[in-house]
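Peer 1: Questions regarding the structure given below will be posed in turn.
What follows draws every value from the coordinates through simple rules; no lab data is involved. Here the structure is a predicted model, which means the values were calculated and not measured. Note that each Cβ is placed from the backbone with ideal geometry, even for glycine, and that neighbours are counted across all protein chains shown.
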Amino acid sequence: MCSGRALRYGGARSCQAQGGPGPCRRRQLLIICLSSAWSVGVWFCYEYSALSLQCLDYSSGALTGDLCEDLCVAQKLVYKHCLYYDRGKKVIQADWRGQPIILKSKKESFSSYQHLSMLEEVETQDIPETELLLMVALEVKNALGLELSNNTMGPLWTRKKGPRWKAQVASMWSLLQQEEYIYFSLLQDFSKHVLRIIGSCGHFYAVEYLTAGHAWHKTLFPLENVMGPSLSGHRSRVRAIIDIALSFLDMVQHFDNDFSHRLHLCDIKPENFAIRHDLTVVAIDVDMAFFEPKMKDILEQKCTGDEDCNFFDCFSKCNLKIRKCGAQRANNNLQVICDKIFRRWFSPNLRGALVSLPLQLQLQKAVQECAQPGHTGATGHQRALKSLSELYHLLRVTQRELQGPE
């Protein structure tokens, strides 16, 4: 097992400042540490070393970011533990200046991302900003299927120049190869239903810490994390669930109507959402979220039956005459949320006698109808609007019935 001493060899001080063979010695010991971690499954050592390698790259000038100093020099950003690791994707919990945050990266290391070859061809900051903005726009179009104007690139390109300019562009390029980062960045100022980005260092970006839901949890989301001890009674929990359900409806309406294209969620489950203290629903994993143009490209595939047109929680119908899936999604975000989230909540067992039986039955019926696969085209759209309106109404009536002391 790697000792704490071995871990510190990948530490925060500048390798160049040490002189002599220090950098090579550190990297050699770090490789030994990584090998040990892999052979005995010591995840702490492995993940800590990944951030140590990040700091070696920062010290050498290969990457940069507004969190690098806190991570690699001031030690104000401290590793806690790994939350998720699969095929290179990392989700790490850390402590930043006394508050918990999440560090994310789609790939293993900075070198795993496509390199921007033009950076090797220039000695100074000679790449015109217009050319960089065009490259950013092309990358966004490739990732999300959206065409964006230069004046919308602010969250993705900070337009700073200085001694670390090449490292800044290289770091930006690694972040642009992560669709989730692009989503969160572009939607920061437009949506309360996505994670807030705190900063970045190289290919790692930091987002606010929220506890994800889980299918095995009785209420799907750990309400104790967002409710104080004084609000832990049954009535308060039920009120919170109603408020969260209304926030889900707000999110559905927001993703359907408030952007230039509808945003489709193709992996809807409690684990991909979290709840803020004000009971706002937040999408914390949008790897399987697609705007309409990209959604059409994904769905429109060859088929021999409808089952070939299923893409996780998004599906269309197979046109057997031309053996091709329709580009139009046959279901919608609301239908899947009713099926996978609301069905679990709206049963008599959850609310007991707090809500009148006729209202409970109405709400159950509305959820069951909403959860049924709909129709495509105008008929499906009208049906979704009707379900949305009915659920809004019934949930607000439920809110009024639940008013009053515990």
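Peer 1: Kirkwood Rh, segment 192-293, all Cα pairs: how many Å? Numbers along the way, then the final one.
Peer 2: Details: mean 1/r = 0.0676 Å⁻¹.
One decimal place: 14.8 Å for the Kirkwood radius.
Peer 1: Could you pull out every residue, at least 5 positions away or on a different chain, whose amide H is within less than 5 Å of the one on Tyr84? Hs are placed 1.01 Å off N in the peptide plane, and Pro or chain starts have none.
Peer 2: Close amide H contacts, sequence-distant or interchain: Val91.
Peer 1: Cβ neighbours within 10 Å, averaged per peptide: list 279-292, 74-87 in order, most packed at the top. Provide the component values of the computation, followed by the final result.
Peer 2: Numbers: 279-292: 20.1, 74-87: 13.7.
Descending packing order for the listed peptides: 279-292, 74-87.
Peer 1: Let me ask you something else. For Lys218, give me every one of the aspartates and glutamates with a C-alpha distance below 15 angstrom, ignoring sequence neighbours fewer than eight places off in its own chain.
Peer 2: List returned: Glu271.
Peer 1: Next question. Ratio of Rg to Rh for segment 223-401, alpha carbon only, Kirkwood?
Peer 2: Numbers: Rg = 17.7 Å, Rh = 17.4 Å.
Using only Cα positions, Rg/Rh for segment 223-401 is 1.01.
Peer 1: Still on this structure, I have one more. Where a Cα-Cα gap under 17 Å defines reach, which aspartates and glutamates qualify for Lys386, not counting those fewer than 8 residues away within the same chain?
Peer 2: Leaving aside aspartates and glutamates fewer than 8 places away in the same chain, those within reach of Lys386 are Asp250, Asp256, Asp339, Glu369.
Peer 1: Take the alpha-carbon positions of segment 64-209, form their convex hull, and give its projected area averaged over all directions (one quarter of the hull surface) in nm².
Peer 2: Working: hull surface 37.0 nm².
Projected over every direction and averaged, the Cα hull of segment 64-209 covers 9.2 nm².
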